[in-house]
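S.K.: Below: one structure in structure tokens.
The values are calculated or read from the model by the stated rules, or taken from the named source; none is laboratory data. Keep in mind the model is a prediction, meaning the values are calculated, not measured. For neighbour counting, all protein chains shown are included, and Cβ atoms are generated from backbone atoms with ideal geometry for every residue, glycine included. Side chains included, ligands, DNA and RNA excluded: accessible areas come from the protein's heavy atoms. Shrake-Rupley method; radii C 1.70, N 1.55, O 1.52, S 1.80 Å.
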Amino acid sequence: QVQLVESGGGLVQAGGSLRLSCAASGRTFSSYMMGWFRQAPGKEREFVAAITWSGDRLYYADSAKGRFTISRDNVKNTVYLEMNNLKPEDTGAYYCAAGTRYLPRRDNVDAWGQGTLVTVSS
């Protein structure tokens, strides 16, 4: 099992940028597909972005395409989410996720981080 710890959330104005990081522990990090989900107040947790273990395939929600970039460093056991041109509707708790199957499916998540809060002011 892999353990995940997110960091990098905060308060930012609309149009600004944030970089989220997710540090993983466990010797099998490189075998996991990694990703990010988010949950706005009163809403269900939704998929944002995912990356295969080799980094050769990237997946994005429509809301993230063109603004967010997911990447990973298998030496540092870390996955990143670079978020640009942030909008108030991006506000929510962002959760790092790991799984050995197709990660954009929430049911395929094997491990969750504790979440980091992103607040975008208008």
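S.K.: Select the strands (runs of 3 or more DSSP E) contained entirely in region 1-93, then report the ones holding at least 3 residues which are at pLDDT below 95 and buried (at least 16 other Cβ atoms within 10 Å of the Cβ).
M.R.: Because the criterion is at least 3 residues that are at pLDDT below 95 and buried (at least 16 other Cβ atoms within 10 Å of the Cβ), no strands (runs of 3 or more DSSP E) in region 1-93 meet it.
S.K.: Turning to a different aspect of this structure: Given the conditions (1) under 14 Å from the mean Cα position of the chain (by Cα); (2) more than 16 Å from Val5 (Cα to Cα), which single one is not true for Phe37?
M.R.: Evaluating Phe37 over (1) under 14 Å from the mean Cα position of the chain (by Cα); (2) more than 16 Å from Val5 (Cα to Cα) leaves (2) as the failure.
S.K.: Do we have Gly9 as touching a residue at least 60 places away in the same chain (Cβ under 8 Å) and within 12 Å of the chain's Cα centre (by Cα) here?
M.R.: So Gly9 passes the test.
S.K.: Where the second residue is acidic (Asp, Glu) and part of a helix (DSSP H, G or I) and the first is closer than 16 Å to Val118 by Cβ and touching a residue at least 40 places away in the same chain (Cβ under 8 Å) and lies in region 75-100, which pairs have Cβ atoms under 9 Å and are six or more apart or on separate chains?
M.R.: Final answer for the pair search is Met83/Asp90.
S.K.: May I ask you to list the residues in region 111-122 that are open to solvent by less than 60 Å² (accessible area, probe 1.4 Å) and more than 14 Å from the chain's Cα centre (by Cα)? Explain how you work it out, then say what you get.
M.R.: Going through region 111-122, the residues open to solvent by less than 60 Å² (accessible area, probe 1.4 Å) turn out to be 111, 113, 115-116, 118-121.
Across region 111-122, the qualifying residues are Thr119, Val120, Ser121.
S.K.: Can you name every residue in region 94-105 that is within 23 Å of Asn77 (Cβ to Cβ) and either assigned to a helix (DSSP H, G or I) or open to solvent by 20 Å² or more (accessible area, probe 1.4 Å) (or both)?
M.R.: Tyr95, Thr100, Arg101, Tyr102, Pro104
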